[in-house]
Structure formats: structure tokens, C-alpha cells
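Accompanying notes for the structure given below.
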Amino acid sequence: MRPAKDSVLFVDDEEINLFIFEKSFEKDFKVITASSGREGLDKLKSHSNEIKVVISDMRMPEMDGLMFIEEARSLFDEISYFILTGFSFNKELESALENKLIDQIFKKPFDYESIKKAVGLNSQSSF
Amino acid sequence: MIIAYIATLSFSIFFYVHDVLILAYNGLFCFSLYVVFGIISFFTPHRLALFRLSILTAFWAFFSQVYFTGGVLSPSLAEFIIPPIIAFFYRPIRDRYFFMILSVLCAVSMWPLTIGGFTADYFPVACKIENSMFSTLFVFAVIVTYTYLFRKSLSQKNQQLQKIIKDLQSTSQKLIHSEKMASLGVMSAGVAHEINNPLNFIKGGIQMLSRQLENSEEAKPFIQAVDEGVNRASSIVNSLGHFSRESVNRNEECDIHTIIDNCLVMIQHKLKYRIDVNKKYCDARPLKIIGNEGQLHQAVLNMLSNAEQAITEKGTITIETCTISENLKLSIADSGTGISPENLSKIGDPFFTTKSAGQGTGLGLSIAYKIIEEHSGVIDVTSEFSKGTRFDISFQNPKLILS
């Protein structure tokens with residue numbers, strides 16, 4: 001079964017961020033949101049055939065962005081994983097980028113164009 | 001030390017040849033000399049210890065001479081055994097071990113001669129009397145030498161201590177500074193993260209609003225204002241990130257000349273028709289150091305923009321590079337307003353600025369300072385009010401590569 005539209009899973013513990021992200025990109029692609037890493041994993045499992053890109057916040061309670069992505073990558077390796085964070089520099093993120101755990105880091109406040117471009121490229125290349 | 005040894009040895013020989021009677025006359029004179037020594041020692045840096053030492057020695061000299069006038073044993077032997085023992089207990093004097101060794105050497109060299117006093121027959125009494133004056137002078141010479149050496153070693157020690165104190169002070173200053181920077185780093189990383197989150201909604205929200213109000217000309221300036229505000233806030237927050245960087249790749253080959261040229265291009269629009277840039281590169285060839293190119297760009301850019309901003313109307317910026325042995329020197333001088341002496345020490349402090357609110361964050365130079373320090377560079381600033389400011393940066397042992 002082929003999905004009608006490629007989706008992006010956005011994980012952030014702040015509701016406003018989820019809302020803004022969803023509204024910003026609703027015309028470009030389908031956005032699935034999750035407010036925690038745990039919820040993100042559930043959504044990934046239930047929408048595994050349509051999610052092509054995952055964008056996650058870094059600092060979240062219980063499970064941080066990297067822990068979430070690590071677990072998600074062990075389940076779905078073909079998806080592209082991005083981090084959207086307020087940190088300007090972080091050792092952990094740097095090494096995650098080096099180890100190809102994450103594909104790209106975006107900084108908050110997010111830049112609409114660059115995220116759109118990166119998501120567009122990654123969802124096409126995965127076909 | 002050698003002089004002291006020779007003096008002591010000679011003194012001992014002369015002392016030895018004295019007849020017991022002469023010793024009795026000399027004893028009092030020697031005693032008064034020891035007292036003089038005690039008084040002199042009062043003015044030495046460590047006068048208390050020296051004073052007690054000299055008094056003890058004087059007492060010993062006097063009593064030993066009185067006691068040993070029986071003539072069985074020459075006083076020199078006992079006299080040269082006791083001072084080292086006394087000296088041993090005077091810990092404040094660093095060189096006491098030398099004096100101990102010295103005295104012991106004297107005593108040992110005198111040993112065969114002192115038992116039985118068999119030179120009594122070889123020297124006539126008249127000769128001994130003549131020599132008594134010399135022997136007293138030798139005693140004095142020894143005392144003076146000792147005093148001098150004590151004082152010298154003490155003042156040396158004093159200087160060393162003062163140097164150590166100075167070093168300690170500067171180290172603690174540096175520690176405080178680095179601690180300040182480290183806590184600023186931790187704080188700024190946290191603040192940056194917390195501020196970036198709301199900035200994220202503001203930016204996203206205003207993007208949405210601008211899409212919805214695309215046709216409203218009235219809304220445009222407001223949207224632009226919010227957008228500008230977000231951008232400015234976010235760039236300030238991001239520049240704070242430089243204080244929290246724990247590690248960056250610092251093994252790139254960076255050509256200082258290219259970096260300067262790139263930075264000049266970046267601020268070209270501000271320099272045009274207003275500021276002459278005078279480049280004095282030591283070498284036409286690239287001058288490479290090992291470091292982080294991005295960071296060095298930022299440091300040089302910050303310093304150049306500062307120089308540019310210091311010039312209110314027309315002026316010149318002089319950039320010089322040179323290599324002195326293992327060091328790479330870079331100096332940036334402007335003919336601007338200069339920095340007042342009371343501000344000169346603060347220019348490296350984060351958030352220190354003389355610019356009006358919204359014009360500068362006070363982070364530019366402190367970031368440049370931090371980057372340069374991380375590249376083992378030392379910055380020296382000289383400034384003359386209304387004449388200009390000159391920054392001399394010296395990268396120490398920068399692994400220079402001349403290609």
C-alpha cells in the first residue's frame with residue numbers, strides 16, 4: 001500500500017512549537033506531531049509506511065532527542081532524522097552528526113526555507 | 001662560600017698558635033666583636049634568628065675560651081663544632097647546611113693540630129703576640145662574611161617569595177577569569193536554549209501571520225519589525241554560544257593573510273570612501289597557523305569592525321603581520337577615538353560596551369579575546385584618547401607553516 005502523501009514526524013515537548021510547526025508546513029507536507037519521545041516512537045510504528053523524515057527537539061523530559069532518535073533508528077533506519085534545537089553548539093550533537101545518527105541539525109528559531117528544502121530532498125531520495 | 005671557608009680556616013690556624021695567655025686577652029675582644037655581629041644582624045631581614053644565633057655563638061666563644069685556657073685543648077676545636085650545631089636549629093636560614101659543612105671542615109682540618117697543642121714549641125711567643133691582632137681581624141672577616149652571606153641568601157629568598165606571590169596572584173586572577181567564563185558558558189548555553197524556544201514560536205508565528213496578511217500593506221511594517229527583532233535577538237543569543245563551546249576542531253591550517261583579506265571584504269561596505277586600510281604583511285606568502293578557521297575569521301572580523309566603529313569620520317586602519325622566531329605577530333591599529341584608561345581593562349569583559357543600547361552587545365571583543373586565547377595568543381592593547389587604539393596579538397609557538 002502506498003501512502004497518499006509523505007509525512008514528517010515532529011517531536012517537541014512544547015505544544016506551541018508543535019502547533020506552529022504543523023501550521024507552517026501543512027501546505028508542504030503532512031505533519032504528524034508527538035509531544036514526547038515515547039509518543040514519537042508509537043506514532044512512528046503506527047505510521048511507519050508514510051513517515052520519511054523525523055524532526056525532533058533535543059531537550060525533552062524523560063527521553064531526549066538523541067535517545068529518541070537512537071531508538072527510532074534501530075527500528076527504521078531508512079528514515080532521515082533531524083534535530084531542531086535551541087542549543088547553538090553541543091558536543092553530543094556534534095558526535096551524533098559525525099556518527100551519522102542524525103542527518104542534520106537545525107537551530108531554533110527555525111528557518112522555514114531551509115527545513116522545507118531539506119525535507120523535500122530527503123523524502124524524494126528515499127523512493 | 002669559598003672565601004668564608006678560607007677565612008675561617010686561616011682564622012683557626014692563627015687562633016691555634018695563640019698561647020693560652022694571649023687567648024685570655026683576646027677572648028674579651030672576640031666577645032665584643034660577636035656582640036657587634038649581633039647588633040649588625042639586627043638589621044638583616046631575618047634579624048631575630050640571626051641575632052639569637054650570634055648571641056649564642058658569642059656566649060659560646062667567650063665561655064669556651066675561658067674554660068679551655070687550661071691549654072690541654074685549643075679553643076678552636078670546640079668552637080668549630082658548636083656553631084654548626086647551633087646553626088642547625090636555626091631553620092629560617094636556608095644556607096645553614098653550608099655553614100655546618102664549612103665549620104665541620106674547619107674543625108676536621110684542625111683536628112690533628114689541636115690535640116696536645118704541639119705547635120707551642122715551634123712558634124716564639126713574640127710571633128704569637130704579633131699574630132694575635134691578625135687573628136682578631138680574621139675573626140671579624142669571618143663574621144662579616146657570614147653576615148653578608150646570610151643577608152644575601154635571605155634577600156634572595158625574599159625576592160623569590162615576592163615573585164611567587166606575584167605569580168600566585170596572577171594565576172588566581174586568571175583562574176577567576178576562566179571560572180567566570182566557564183560559568184558564563186554554562187549559563188549562556190542554558191539561556192540561549194530557553195530563549196531560542198520562544199523565539200521559535202515568534203518567528204514561526206510571524207511567518208504564518210505574514211502569509212495570511214500577504215495582501216495587507218498596513219501589516220507589513222509591523223511584521224518586518226517583529227522579524228527584525230527576532231533576528232536580532234537570535235543573533236545575540238547565538239553569539240553567546242561562543243562562550244559555551246567546549247571543543248571545536250582546531251587542527252585546520254589557517255592562513256592569517258587570507259583571513260584578514262576575507263574579513264576586509266566582509267566590512268568593505270563600511271570602509272568605502274571613509275577609511276584607508278594600510279596592510280603591511282611581512283611576507284607575500286601565506287602565513288599559516290594551526291587552528292579553527294571559522295573562529296579566527298570571527299576574531300579578526302570582530303577586531304576589524306571594532307576598529308572601523310572607533311573611527312567616527314575619516315581615518316586609517318593599519319594591519320601588520322610579522323614573525324619573530326616562533327611567534328606570529330598581528331597588529332591592528334586604528335586612528336579612531338581611542339579608549340579611556342578606565343575602560344581599557346574592561347574591554348575584554350563580556351557585555352561591556354560604550355555603544356548605545358541596540359548598537360552593540362559588548363560581546364564582540366570578548367569573543368575575539370576568547371578565541372585568540374584559545375589559539376594560545378596574547379593580546380596587548382595600547383590606546384591614546386582621540387588618537388587611536390592598537391591591538392598587538394602574538395600567537396605563541398603557533399606551529400608556523402611557511403609555504
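The values are calculated or read from the model by the stated rules, or taken from the named source; none is laboratory data. Being a predicted model, the structure only gives us computed values, none of them experimental. Note that we place each Cβ from the backbone using ideal geometry, even for glycine, and neighbour counts take in every protein chain shown.
Miscellaneous remarks
- Subset of segment A:67-105 [out of contact with any strand residue (DSSP E or B) (no Cβ under 7 Å at 6 or more places or on another chain) and basic (Lys, Arg)]: A:LYS91, A:LYS100
- Residues that are modelled with pLDDT of 85 or more and out of contact with any strand residue (DSSP E or B) (no Cβ under 6 Å at 6 or more places or on another chain), drawn from segment B:274-288: B:ARG274
- Per-region count, segment B:317-366, residues touching a Leu at 6+ places or on another chain (Cβ under 7 Å), over 21 Å from B:LYS280 (Cβ atoms) and not in a loop (DSSP other than H, G, I, E, B): 0
- Of the residues making up segment B:381-403, those that are within 23 Å of the chain's Cα centre (by Cα), farther than 28 Å from B:VAL237 by Cα and either at pLDDT 85 or above or hydrophobic (A, V, I, L, M, F, W, C) (or both) number 4.
- Total residues in segment A:80-100, condition modelled with pLDDT of 90 or more and farther than 13 Å from B:ASN200 by Cα: 4
- Residue satisfying condition, being assigned to a loop (DSSP other than H, G, I, E, B), more than 14 Å from chain B (Cβ to nearest Cβ), under 25 Å from B:GLY190 (Cα atoms) and of a type outside the set (D, E, K, R), within set A:MET63, A:MET67: A:MET63
- Scanning segment B:179-229 for residues that are surrounded by fewer than 18 Cβ atoms within 10 Å (Cβ to Cβ), of a type in the set (D, E, K, R) and under 18 Å from A:ASP111 (Cα atoms) gives B:GLU194, B:ARG211, B:ASP227, B:GLU228.
- Within this structure, B:SER188 passes the test of being within 30 Å of A:LEU84 (Cα to Cα), part of a helix (DSSP H, G or I) and modelled with pLDDT under 90.
- Residues that are within 11 Å of chain A (Cβ to nearest Cβ) and either in contact (Cβ under 8 Å) with a residue 40 or more places away in the chain or among the polar types (S, T, N, Q) (or both), drawn from segment B:179-202: B:GLY185, B:SER188, B:ALA189, B:VAL191, B:ALA192, B:ILE195, B:ASN196, B:ASN197, B:ASN200
- Selection within segment B:324-360 - modelled with pLDDT under 85 and among the hydroxyl-bearing types (Ser, Thr, Tyr): B:SER325, B:SER345, B:THR353, B:THR354, B:SER356
- Screening segment A:72-117 for residues that are part of a helix (DSSP H, G or I), away from chain B (no Cβ under 14 Å) and surrounded by 16 or more Cβ atoms within 10 Å (Cβ to Cβ) and picking the one that is farthest from the chain's Cα centre (by Cα) gives A:ALA96.
- Residues of segment A:1-51 that turn out to be acidic (Asp, Glu), within 14 Å of chain B (Cβ to nearest Cβ) and in a loop (DSSP other than H, G, I, E, B), as a count: 5
- The set of residues in segment B:272-308 that are outside any strand (DSSP E or B), out of contact with any Cys (no Cβ under 8 Å at 6 or more places or on another chain) and crowded, with 18+ Cβ neighbours inside 10 Å comprises B:GLN295, B:GLN298, B:ALA299, B:ASN302, B:MET303, B:SER305, B:ASN306, B:ALA307, B:GLU308.
- Pick from segment B:203-215, criterion under 21 Å from A:GLU15 (Cα atoms) and more than 7 Å from every other protein chain (Cβ to nearest Cβ), ranking: nearest to the chain's Cα centre (by Cα): B:ILE206
- Exactly one residue out of A:ILE69, A:ILE16 is within 11 Å of the chain's Cα centre (by Cα), of a type in the set (A, V, I, L, M, F, W, C) and either surrounded by fewer than 19 Cβ atoms within 10 Å (Cβ to Cβ) or closer than 18 Å to A:ALA96 by Cβ (or both), and it is A:ILE69.
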